[in-house]
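The values are calculated or read from the model by the stated rules, or taken from the named source; none is laboratory data. Not measured: the values here are computed from a predicted model. Here the Cβ positions follow ideal geometry from the backbone for every residue, glycine too, while neighbour counts run over all protein chains shown. Note: areas computed on protein heavy atoms with side chains; ligands, DNA, RNA excluded. Shrake-Rupley method; radii C 1.70, N 1.55, O 1.52, S 1.80 Å.
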Amino acid sequence: MIERLRQILIKEFIHLFRDKQARFSLLVPPLLQMLIFGYAATYEVNRISTAVLDLDHSQESRQFLERFTATSRFQVHDVLYSESQIPALIDHRRVVLVLQIHPGFAELLRKGQTAPVQAILDGTDSNTALIAVGYINQIATRYAQDYQLERAGRLTPSLAQFAPRIALEERPWYNANLESRWFFVPGVIGTLLLVTTITLTAFAVVREREIGTLEQLMVTPIRPAELIVGKTLPFLLVGLGTVIIVAVAGTLWFEVPFRGNVLVLLFGTTLFLTSALGIGLLISTLCLTQQQAFSLSFFYAAPAIMLSGFGYPVNSMPHALQLITYLDPLRFYLIVLRGTFLKGVGLEALWPQMLAMTLLGIGTLTLATLRFHKSLD
(Lines give C-alpha, C1' and ligand atoms only; values in the text may rest on other atoms or scores of the structure.)
Protein backbone atom coordinates (compact mmCIF):
# COMPACT_ATOMS: atom_id res chain seq x y z
CA MET A 1 0.00 0.00 0.00
CA ILE A 2 2.76 2.45 0.93
CA GLU A 3 4.59 1.79 -2.33
CA ARG A 4 1.44 2.29 -4.43
CA LEU A 5 0.65 5.50 -2.57
CA ARG A 6 4.21 6.72 -3.06
CA GLN A 7 3.98 6.14 -6.79
CA ILE A 8 0.74 8.13 -7.00
CA LEU A 9 2.32 11.00 -5.09
CA ILE A 10 5.36 10.99 -7.38
CA LYS A 11 3.07 11.01 -10.43
CA GLU A 12 1.02 13.93 -9.09
CA PHE A 13 4.04 16.04 -8.20
CA ILE A 14 5.66 15.38 -11.56
CA HIS A 15 2.47 16.34 -13.36
CA LEU A 16 2.00 19.41 -11.16
CA PHE A 17 5.48 20.87 -11.52
CA ARG A 18 5.89 19.89 -15.17
CA ASP A 19 2.95 22.13 -16.08
CA LYS A 20 4.29 25.67 -16.48
CA GLN A 21 0.84 27.17 -16.04
CA ALA A 22 0.36 25.25 -12.79
CA ARG A 23 3.73 26.40 -11.43
CA PHE A 24 2.85 29.98 -12.33
CA SER A 25 -0.60 29.79 -10.75
CA LEU A 26 0.77 28.35 -7.52
CA LEU A 27 3.14 31.20 -6.79
CA VAL A 28 2.55 34.39 -8.76
CA PRO A 29 -1.26 34.91 -8.49
CA PRO A 30 -1.39 34.43 -4.68
CA LEU A 31 1.42 36.96 -4.16
CA LEU A 32 -0.13 39.45 -6.57
CA GLN A 33 -3.54 39.06 -4.98
CA MET A 34 -2.00 39.51 -1.54
CA LEU A 35 -0.49 42.82 -2.64
CA ILE A 36 -3.65 44.00 -4.40
CA PHE A 37 -6.07 43.05 -1.64
CA GLY A 38 -3.66 44.22 1.06
CA TYR A 39 -3.74 47.74 -0.37
CA ALA A 40 -7.32 47.82 -1.63
CA ALA A 41 -9.16 46.10 1.24
CA THR A 42 -9.53 48.67 4.01
CA TYR A 43 -12.25 50.25 6.10
CA GLU A 44 -10.44 53.57 6.15
CA VAL A 45 -11.59 56.31 3.77
CA ASN A 46 -9.28 59.20 2.95
CA ARG A 47 -9.48 62.23 0.68
CA ILE A 48 -13.29 62.27 0.48
CA SER A 49 -14.09 64.68 -2.35
CA THR A 50 -15.97 67.55 -0.68
CA ALA A 51 -17.63 70.83 -1.60
CA VAL A 52 -18.61 73.52 0.93
CA LEU A 53 -21.46 76.01 0.86
CA ASP A 54 -21.08 78.65 3.56
CA LEU A 55 -24.20 80.82 3.67
CA ASP A 56 -23.30 82.32 7.06
CA HIS A 57 -19.93 83.86 6.18
CA SER A 58 -18.94 84.25 9.81
CA GLN A 59 -15.77 83.65 11.74
CA GLU A 60 -17.36 80.63 13.42
CA SER A 61 -18.37 79.04 10.11
CA ARG A 62 -14.88 79.54 8.69
CA GLN A 63 -13.29 78.01 11.79
CA PHE A 64 -15.66 75.06 11.54
CA LEU A 65 -14.77 74.42 7.89
CA GLU A 66 -11.06 74.70 8.68
CA ARG A 67 -11.46 71.58 10.80
CA PHE A 68 -12.24 69.66 7.59
CA THR A 69 -9.45 71.12 5.48
CA ALA A 70 -6.93 70.36 8.24
CA THR A 71 -7.48 66.59 8.04
CA SER A 72 -6.60 64.12 5.30
CA ARG A 73 -10.05 62.54 5.57
CA PHE A 74 -11.61 65.29 3.45
CA GLN A 75 -10.40 67.06 0.33
CA VAL A 76 -12.28 70.23 -0.53
CA HIS A 77 -12.58 70.55 -4.32
CA ASP A 78 -15.21 73.27 -4.69
CA VAL A 79 -16.50 76.30 -2.81
CA LEU A 80 -20.13 76.87 -3.74
CA TYR A 81 -22.22 80.01 -3.73
CA SER A 82 -25.77 78.65 -4.11
CA GLU A 83 -27.73 75.47 -3.51
CA SER A 84 -28.45 75.14 -7.23
CA GLN A 85 -24.86 74.04 -7.81
CA ILE A 86 -25.18 70.95 -5.62
CA PRO A 87 -27.13 68.50 -7.87
CA ALA A 88 -24.75 68.76 -10.81
CA LEU A 89 -21.69 68.14 -8.67
CA ILE A 90 -23.12 64.99 -7.08
CA ASP A 91 -24.74 63.68 -10.28
CA HIS A 92 -21.43 63.88 -12.15
CA ARG A 93 -19.56 62.47 -9.11
CA ARG A 94 -17.26 65.45 -8.86
CA VAL A 95 -17.85 65.34 -5.12
CA VAL A 96 -19.25 62.79 -2.69
CA LEU A 97 -20.05 65.23 0.11
CA VAL A 98 -21.40 68.77 0.31
CA LEU A 99 -21.24 70.60 3.64
CA GLN A 100 -23.84 73.35 3.87
CA ILE A 101 -23.81 75.92 6.67
CA HIS A 102 -27.08 77.83 6.95
CA PRO A 103 -27.43 81.55 7.74
CA GLY A 104 -27.50 82.25 11.46
CA PHE A 105 -24.96 79.53 12.34
CA ALA A 106 -22.74 81.86 14.39
CA GLU A 107 -25.68 83.65 16.01
CA LEU A 108 -27.12 80.41 17.34
CA LEU A 109 -23.74 79.35 18.73
CA ARG A 110 -23.29 82.68 20.49
CA LYS A 111 -26.70 82.25 22.14
CA GLY A 112 -25.72 78.77 23.33
CA GLN A 113 -28.26 77.09 21.07
CA THR A 114 -27.94 74.20 18.61
CA ALA A 115 -26.62 75.28 15.22
CA PRO A 116 -27.50 72.76 12.47
CA VAL A 117 -25.07 71.87 9.69
CA GLN A 118 -26.31 69.92 6.67
CA ALA A 119 -24.21 67.15 5.14
CA ILE A 120 -25.43 66.13 1.68
CA LEU A 121 -23.93 62.80 0.62
CA ASP A 122 -23.99 60.57 -2.44
CA GLY A 123 -25.84 57.57 -1.02
CA THR A 124 -25.10 55.29 -3.97
CA ASP A 125 -21.82 54.46 -2.22
CA SER A 126 -23.37 53.71 1.15
CA ASN A 127 -20.16 52.46 2.77
CA THR A 128 -18.27 55.68 2.04
CA ALA A 129 -21.29 57.73 3.08
CA LEU A 130 -21.60 55.98 6.44
CA ILE A 131 -17.91 56.35 7.19
CA ALA A 132 -17.97 60.00 6.12
CA VAL A 133 -20.90 60.69 8.46
CA GLY A 134 -18.88 59.19 11.31
CA TYR A 135 -15.93 61.46 10.53
CA ILE A 136 -18.23 64.51 10.30
CA ASN A 137 -19.82 63.73 13.67
CA GLN A 138 -16.40 63.46 15.31
CA ILE A 139 -15.25 66.80 13.92
CA ALA A 140 -18.54 68.55 14.74
CA THR A 141 -18.58 67.17 18.29
CA ARG A 142 -15.00 68.22 18.91
CA TYR A 143 -15.66 71.71 17.52
CA ALA A 144 -18.78 72.13 19.66
CA GLN A 145 -16.90 71.13 22.80
CA ASP A 146 -14.02 73.50 22.08
CA TYR A 147 -16.40 76.34 21.27
CA GLN A 148 -18.41 75.84 24.48
CA LEU A 149 -15.26 75.81 26.60
CA GLU A 150 -13.98 78.95 24.92
CA ARG A 151 -17.39 80.64 25.32
CA ALA A 152 -17.58 79.67 28.99
CA GLY A 153 -14.07 81.00 29.51
CA ARG A 154 -15.12 84.39 28.11
CA LEU A 155 -18.40 84.68 30.03
CA THR A 156 -17.49 83.17 33.39
CA PRO A 157 -13.74 82.67 33.63
CA SER A 158 -13.92 81.70 37.31
CA LEU A 159 -16.36 78.85 36.66
CA ALA A 160 -14.92 77.64 33.35
CA GLN A 161 -12.05 75.83 35.04
CA PHE A 162 -14.54 73.80 37.11
CA ALA A 163 -16.69 72.78 34.12
CA PRO A 164 -17.16 68.99 34.05
CA ARG A 165 -15.39 67.14 31.26
CA ILE A 166 -15.36 63.55 30.07
CA ALA A 167 -12.12 62.37 28.46
CA LEU A 168 -12.29 59.14 26.49
CA GLU A 169 -9.06 57.16 26.76
CA GLU A 170 -8.89 54.65 23.91
CA ARG A 171 -6.95 51.48 24.54
CA PRO A 172 -7.35 49.05 21.63
CA TRP A 173 -5.77 45.68 22.35
CA TYR A 174 -3.68 43.82 19.74
CA ASN A 175 -4.00 46.66 17.20
CA ALA A 176 -3.12 49.91 18.93
CA ASN A 177 -3.52 52.11 15.84
CA LEU A 178 -6.64 50.28 14.60
CA GLU A 179 -4.99 49.48 11.26
CA SER A 180 -7.67 47.86 9.12
CA ARG A 181 -4.93 46.26 7.02
CA TRP A 182 -3.98 44.14 10.03
CA PHE A 183 -7.54 42.82 9.96
CA PHE A 184 -7.69 42.17 6.24
CA VAL A 185 -4.28 40.63 5.47
CA PRO A 186 -4.86 37.43 7.54
CA GLY A 187 -8.30 37.21 5.94
CA VAL A 188 -6.77 37.45 2.47
CA ILE A 189 -4.52 34.50 3.33
CA GLY A 190 -7.57 32.37 4.14
CA THR A 191 -9.56 33.34 1.07
CA LEU A 192 -6.61 32.76 -1.28
CA LEU A 193 -5.97 29.36 0.26
CA LEU A 194 -9.62 28.38 -0.09
CA VAL A 195 -9.87 29.33 -3.76
CA THR A 196 -6.49 27.84 -4.73
CA THR A 197 -7.02 24.52 -2.96
CA ILE A 198 -10.56 23.91 -4.15
CA THR A 199 -9.75 24.86 -7.75
CA LEU A 200 -6.61 22.73 -7.98
CA THR A 201 -8.28 19.68 -6.42
CA ALA A 202 -11.37 19.89 -8.61
CA PHE A 203 -9.33 20.46 -11.79
CA ALA A 204 -6.88 17.64 -11.10
CA VAL A 205 -9.51 14.91 -10.90
CA VAL A 206 -11.63 16.29 -13.73
CA ARG A 207 -8.53 16.56 -15.95
CA GLU A 208 -7.83 12.87 -15.37
CA ARG A 209 -11.40 12.09 -16.32
CA GLU A 210 -11.26 14.24 -19.47
CA ILE A 211 -8.11 12.66 -20.89
CA GLY A 212 -9.16 9.13 -19.90
CA THR A 213 -6.36 8.34 -17.47
CA LEU A 214 -8.70 8.02 -14.49
CA GLU A 215 -10.22 4.83 -15.93
CA GLN A 216 -6.73 3.51 -16.67
CA LEU A 217 -5.72 4.06 -13.06
CA MET A 218 -8.75 2.14 -11.84
CA VAL A 219 -7.77 -1.04 -13.70
CA THR A 220 -4.42 -1.04 -11.88
CA PRO A 221 -3.95 -2.60 -8.40
CA ILE A 222 -4.42 0.85 -6.90
CA ARG A 223 -7.40 0.92 -4.56
CA PRO A 224 -9.94 3.77 -4.70
CA ALA A 225 -9.03 4.93 -1.18
CA GLU A 226 -5.34 5.06 -2.15
CA LEU A 227 -6.21 7.01 -5.26
CA ILE A 228 -8.18 9.54 -3.23
CA VAL A 229 -5.35 10.00 -0.74
CA GLY A 230 -2.81 10.24 -3.54
CA LYS A 231 -4.89 12.86 -5.33
CA THR A 232 -5.51 15.05 -2.29
CA LEU A 233 -2.29 14.77 -0.26
CA PRO A 234 -0.12 16.70 -2.78
CA PHE A 235 -2.53 19.61 -2.67
CA LEU A 236 -2.47 19.52 1.13
CA LEU A 237 1.30 19.97 1.01
CA VAL A 238 1.01 22.63 -1.70
CA GLY A 239 -1.56 24.48 0.42
CA LEU A 240 0.74 24.46 3.45
CA GLY A 241 3.56 25.81 1.29
CA THR A 242 1.28 28.49 -0.14
CA VAL A 243 0.11 29.73 3.24
CA ILE A 244 3.73 29.95 4.46
CA ILE A 245 4.83 31.97 1.42
CA VAL A 246 1.83 34.30 1.47
CA ALA A 247 1.97 34.73 5.26
CA VAL A 248 5.65 35.65 5.16
CA ALA A 249 5.03 38.08 2.29
CA GLY A 250 2.12 39.70 4.12
CA THR A 251 4.09 39.98 7.35
CA LEU A 252 7.20 41.47 5.78
CA TRP A 253 5.54 43.73 3.20
CA PHE A 254 2.56 45.04 5.19
CA GLU A 255 4.29 44.74 8.59
CA VAL A 256 1.42 42.75 10.06
CA PRO A 257 2.74 41.24 13.31
CA PHE A 258 2.78 37.51 13.91
CA ARG A 259 2.56 36.97 17.66
CA GLY A 260 1.46 33.34 17.83
CA ASN A 261 2.90 29.86 17.46
CA VAL A 262 3.76 28.70 13.95
CA LEU A 263 2.83 25.12 14.82
CA VAL A 264 -0.64 26.21 15.93
CA LEU A 265 -1.10 28.06 12.64
CA LEU A 266 0.07 25.06 10.59
CA PHE A 267 -2.17 22.72 12.57
CA GLY A 268 -5.19 24.92 11.98
CA THR A 269 -4.24 25.27 8.31
CA THR A 270 -4.07 21.48 7.97
CA LEU A 271 -7.56 21.09 9.43
CA PHE A 272 -8.89 23.81 7.14
CA LEU A 273 -7.23 22.26 4.08
CA THR A 274 -8.85 18.94 4.93
CA SER A 275 -12.27 20.54 4.55
CA ALA A 276 -11.25 22.43 1.41
CA LEU A 277 -9.84 19.27 -0.19
CA GLY A 278 -13.05 17.42 0.58
CA ILE A 279 -15.09 20.18 -1.05
CA GLY A 280 -12.81 20.22 -4.10
CA LEU A 281 -13.02 16.45 -4.44
CA LEU A 282 -16.80 16.61 -4.13
CA ILE A 283 -16.95 19.24 -6.88
CA SER A 284 -14.79 17.01 -9.09
CA THR A 285 -17.28 14.14 -8.78
CA LEU A 286 -20.12 16.40 -9.93
CA CYS A 287 -18.35 17.73 -13.04
CA LEU A 288 -17.34 16.19 -16.34
CA THR A 289 -15.26 19.06 -17.74
CA GLN A 290 -12.80 21.59 -16.37
CA GLN A 291 -15.13 24.41 -17.37
CA GLN A 292 -17.85 22.92 -15.18
CA ALA A 293 -15.37 22.51 -12.32
CA PHE A 294 -14.31 26.15 -12.60
CA SER A 295 -17.91 27.38 -12.59
CA LEU A 296 -18.92 25.22 -9.63
CA SER A 297 -15.78 26.17 -7.69
CA PHE A 298 -16.58 29.86 -8.16
CA PHE A 299 -20.23 29.20 -7.26
CA TYR A 300 -19.09 27.78 -3.92
CA ALA A 301 -16.16 30.12 -3.17
CA ALA A 302 -17.99 33.44 -3.57
CA PRO A 303 -20.73 32.73 -0.95
CA ALA A 304 -18.21 31.02 1.33
CA ILE A 305 -16.06 34.16 1.42
CA MET A 306 -19.07 36.44 1.91
CA LEU A 307 -20.39 34.35 4.82
CA SER A 308 -17.03 33.80 6.51
CA GLY A 309 -16.75 37.17 8.21
CA PHE A 310 -13.91 38.24 5.93
CA GLY A 311 -15.38 41.68 5.27
CA TYR A 312 -18.74 41.71 7.07
CA PRO A 313 -19.44 40.71 10.70
CA VAL A 314 -21.32 37.44 10.99
CA ASN A 315 -23.40 38.86 13.85
CA SER A 316 -24.89 41.49 11.54
CA MET A 317 -26.26 38.87 9.13
CA PRO A 318 -29.83 37.51 9.33
CA HIS A 319 -30.22 34.64 11.79
CA ALA A 320 -30.79 32.07 9.03
CA LEU A 321 -27.52 33.03 7.33
CA GLN A 322 -25.70 32.93 10.66
CA LEU A 323 -26.71 29.28 11.01
CA ILE A 324 -25.43 28.54 7.51
CA THR A 325 -22.04 30.05 8.35
CA TYR A 326 -21.41 27.14 10.74
CA LEU A 327 -21.02 24.97 7.62
CA ASP A 328 -18.35 27.27 6.24
CA PRO A 329 -14.85 26.17 7.32
CA LEU A 330 -13.41 29.54 6.29
CA ARG A 331 -15.35 31.20 9.10
CA PHE A 332 -13.44 29.21 11.72
CA TYR A 333 -10.11 29.43 9.90
CA LEU A 334 -10.24 33.23 9.83
CA ILE A 335 -10.57 33.23 13.62
CA VAL A 336 -7.51 30.99 13.83
CA LEU A 337 -5.54 33.24 11.47
CA ARG A 338 -6.37 36.47 13.26
CA GLY A 339 -5.95 34.84 16.66
CA THR A 340 -2.45 33.56 15.89
CA PHE A 341 -1.32 36.64 13.97
CA LEU A 342 -2.64 39.47 16.15
CA LYS A 343 -3.52 38.01 19.53
CA GLY A 344 -0.83 35.34 19.78
CA VAL A 345 -3.27 32.86 21.37
CA GLY A 346 -2.87 29.09 21.26
CA LEU A 347 -4.99 25.97 21.37
CA GLU A 348 -6.42 26.92 24.77
CA ALA A 349 -8.37 29.71 23.05
CA LEU A 350 -8.76 28.28 19.54
CA TRP A 351 -9.83 24.71 20.30
CA PRO A 352 -13.53 25.35 19.46
CA GLN A 353 -12.55 26.48 15.95
CA MET A 354 -10.14 23.55 15.60
CA LEU A 355 -12.87 21.13 16.64
CA ALA A 356 -15.35 22.65 14.20
CA MET A 357 -12.87 22.40 11.30
CA THR A 358 -12.12 18.79 12.28
CA LEU A 359 -15.79 17.84 12.15
CA LEU A 360 -16.31 19.69 8.87
CA GLY A 361 -13.21 18.05 7.40
CA ILE A 362 -14.37 14.57 8.36
CA GLY A 363 -17.83 15.29 6.99
CA THR A 364 -16.71 16.75 3.65
CA LEU A 365 -14.09 14.06 3.04
CA THR A 366 -16.55 11.30 3.90
CA LEU A 367 -19.21 12.73 1.61
CA ALA A 368 -16.67 13.31 -1.17
CA THR A 369 -15.26 9.79 -0.83
CA LEU A 370 -18.70 8.20 -1.04
CA ARG A 371 -19.56 10.32 -4.05
CA PHE A 372 -16.19 9.53 -5.64
CA HIS A 373 -16.76 5.79 -5.29
CA LYS A 374 -20.24 6.17 -6.81
CA SER A 375 -18.95 8.18 -9.77
CA LEU A 376 -16.27 5.57 -10.46
CA ASP A 377 -18.86 2.79 -10.45
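Extension gain Thr270-Thr366, at 0.36 nm per residue separation less the Cα-Cα distance, in nm? Before the final figure, lay out the partial values.
Working: separation 96, 0.36 × 96 = 34.56 nm, distance 1.66 nm.
32.9 nm is the gain from fully extending Thr270 to Thr366.
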| field | Full-stretch length increase - Thr124, Leu347 - with 0.36 nm per residue and alpha-carbon distance subtracted | value | 75.9 nm
| request: May I ask you to list the trypsin sites (Lys or Arg not before Pro) in the stretch 103-145 that are in a DSSP loop and have at most 11 other Cβ atoms within 10 Å of their Cβ? | output: Lys111
| note | Non-local residues with an amide H under 5 Å from the amide H of Asp328, with H modelled 1.01 Å from N and Pro and chain starts lacking one, are none
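Carbon and sulfur atoms: what percent of the 1.4 Å accessible area of the stretch 311-377 do they account for?
Numbers: 2490 of 3620 Å².
Exposed carbon and sulfur together represent 69 percent of the surface.
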| Which whole-number percent is the relative contact order of the stretch 19-118 (Cα, under 8 Å, 6+ apart)? | 31
| Sparse-neighbour loop sites [chymotrypsin sites (Phe, Trp or Tyr not before Pro); the stretch 31-81; at most 13 other C-beta within 10 Å; DSSP] | Tyr43, Tyr81
| remark: Quarter of the surface of the C-alpha convex hull for the stretch 32-102, i.e. direction-averaged projected area in nm², equals 6.0
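Using a probe radius of 1.4 Å on heavy atoms only, what accessible surface per residue do you get for the stretch 68-146? Whole Å² is fine. Walk me through the numbers on the way to the answer.
On the way: 4670 Å² over 79 residues.
Dividing the accessible area of the stretch 68-146 by its residue count gives 59 Å².
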| task | Return one whole number: the accessible area per residue of the stretch 249-377 in Å², for a 1.4 Å probe. | result | 50
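I'd like the FRET efficiency for Glu210 and Asn137, computed as 1/(1 + (r/R0)^6) with the beta carbon distance as r and R0 of 45 Å, rounded to 0.05. All intermediate terms of the calculation are to be shown ahead of the outcome.
Numbers: r = 58 Å, r/R0 = 1.30.
FRET efficiency, Glu210 to Asn137: 0.15.
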| request: Would you check the accessible area of Arg181, probe 1.4 Å, heavy atoms only, in square angstrom rounded to 10? | output: 70
| task | Give me the distance in nm between label points sitting 7 Å out from Cα along the Cα-to-Cβ direction at Val314 and Leu237, one decimal. | result | 3.3
